[in-house]
Amino acid sequence: MKTISRSNKLRGVCYDIRGPVLDEARRLEEEGHKVLKLNIGNPAPFGFEAPDDILKDVIHNLPTAQGYGPSNGIYSAKVAIHQYYQTFGLLNTSVDDIYVGNGVSELIVMAMQALLNDSDEVLVPSPDYPLWTAAIKLSGGNPVHYVCDEQADWMPDLDDIKQKITSKTRAIVLINPNNPTGAVYSKDMLLALTELAREHGLIIYSDEIYDKVLYDGHKHIPIASLSDDIVCVTFSGLSKNYRVAGFRVGWMILTGPKRLAKDYIAGLDMLSSMRLSANVPMQYAIQTALGGYQSINDLVSQSGRLYQQMTLSHKLVNDIPGLSCTRPKGAMYLFPKIDTQRFNITNDEQFVLDFLREKHVLLVHGTAFNWAAADHFRIVFLPHHEELEAALKALGDFLSHYRQS
Ligand code: PLP
């Protein structure tokens with residue numbers, strides 16, 4: 001039999017958060033080493049458990065949730081999502097504008113597959129959550145990265161965006177609150193992005209999966225609440241706010257002049273029906289999650305565990321000579337800058353692998369987030385205090401003697 005190659009569609013598609021660096025971590029584990037994995041934002045394994053009510057509701061509904069559901073989601077979940085967005089001023093919507101999926105991940109791929117023709121361009125932040133870039137490439141499009149400015153609290157660089165808009169640009173993606181930088185966009189920034197979308201006829205895709213993971217009183221504004229004349233697709237889900245990433249529940253809601261997007265919507269409906277329905281039992285968690293007690297607020301308040309871990313890791317990273325990091329306003333990551341000259345770093349993946357092999361702590365290199373220079377990495381601050389302290393002490397010790405060869 002001949003060797004079997006991947007399809008040409010997959011050339012250039014990558015998702016390095018679970019890529020070669022994770023393979024190396026697994027190899028070390030097979031050798032018997034304990035590896036602290038700070039590579040993915042998966043709250044439950046670090047003891048951030050889901051609210052009890054959510055679990056009870058899923059269990060209660062399990063016996064009657066054995067069949068396929070409606071393709072775009074069960075009614076009670078869609079009503080709850082609809083009401084949730086109404087409280088944020090997303091008006092002129094109905095339950096029919098909502099799609100429930102097996103996580104935001106599935107819906108991102110679906111949204112891009114339904115939109116893009118070969119060589120259509122989509123503006124994507126750099127750094128990004130790399131699924132966006134991967135989904136655009138998989139769908140035949142060209143991701144065009146616009147820079148977010150570290151000096152300006154990682155806000156999108158509007159001039160860079162303007163320069164990169166061409167006749168092929170179909171859409172702009174924003175991630176707010178941002179993974180990996182922790183930025184939360186101001187109303188002025190969102191209005192400026194809205195204005196650009198209006199001027200150039202772009203669709204806005206806004207990934208807001210961390211919309212409740214906010215620190216120091218920062219407020220999240222859904223960009224869709226700021227206009228009704230732009231087609232906007234807003235994404236969120238249960239993975240982060242409610243710590244049930246394994247349930248694989250997310251949604252997207254379409255707002256704006258949907259009459260202009262009838263054909264696109266028909267495409268989305270077809271893709272949604274091709275995968276029959278999202279996981280039905282887990283959709284029962286949505287109504288309880290959105291309508292119930294929001295225990296995430298306790299975790300992100302000043303005395304909360306997530307807040308404390310954010311401040312601790314932010315301080316410890318900045319205490320390491322050669323590293324600097326902005327303070328996250330939201331989400332669960334730090335994206336520190338490395339003084340590459342000091343450590344002679346030219347390859348950030350190599351840096352992550354060298355650290356992993358010596359100290360058995362897994363980070364993700366910045367270029368995996370489509371950041372152009374080899375001078376950043378991402379760390380997840382979900383582990384308990386002691387583990388974070390140990391991991392960052394290991395990083396400090398490692399960097400005290402590291403020079404890349
Ligand atoms: N979008 C962003 C910005 C993320 O950080 C993640 C997961 O880390 C996802 C989407 C995927 O979410 P889901 O678990 O709903 O597929």
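The values are calculated or read from the model by the stated rules, or taken from the named source; none is laboratory data. All values derive from a computational prediction rather than experimental measurement. For neighbour counting, all protein chains shown are included, and Cβ atoms are generated from backbone atoms with ideal geometry for every residue, glycine included.
Here are the numbers for the structure shown:
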item: Qualifying residue in segment 69-88 (condition: modelled with pLDDT under 95 and either hydrophobic (A, V, I, L, M, F, W, C) or under 25 Å from Leu138 (Cβ atoms) (or both)); result: yes
item: Number of the exception - Ile223 against (1) aliphatic (A, V, I, L, M); (2) in contact (Cβ under 8 Å) with a residue 60 or more places away in the chain; (3) closer than 21 Å to Pro328 by Cα; result: (2)
item: Single match in Gly19, Gly47 (criterion: within 18 Å of the chain's Cα centre (by Cα), surrounded by fewer than 17 Cβ atoms within 10 Å (Cβ to Cβ), in contact (Cβ under 8 Å) with a residue 40 or more places away in the chain and away from the ligand (no atom under 14 Å from the Cβ)); result: Gly19
item: Flag for Asp216 being modelled with pLDDT under 95 and surrounded by fewer than 22 Cβ atoms within 10 Å (Cβ to Cβ); result: no
item: Leading residue by the ranking (farthest from the chain's Cα centre (by Cα)) among those in segment 214-249 that are in a loop (DSSP other than H, G, I, E, B) and closer than 20 Å to Pro125 by Cα; result: Ile230
item: Elements of type strands (runs of 3 or more DSSP E) contained in segment 87-170, each with 1 or more residues being within 15 Å of the ligand (Cβ to nearest atom) and out of contact with any Ser or Thr (no Cβ under 7 Å at 6 or more places or on another chain); result: 98-101, 121-126
item: Considering residues of segment 194-210 that are within 11 Å of the ligand (Cβ to nearest atom) and assigned to a loop (DSSP other than H, G, I, E, B) only, the residue surrounded by the fewest Cβ atoms within 10 Å (Cβ to Cβ); result: Glu208
item: Residue check for Met252: within 23 Å of the chain's Cα centre (by Cα), within 23 Å of Glu386 (Cβ to Cβ) and not hydroxyl-bearing (Ser, Thr, Tyr); result: no
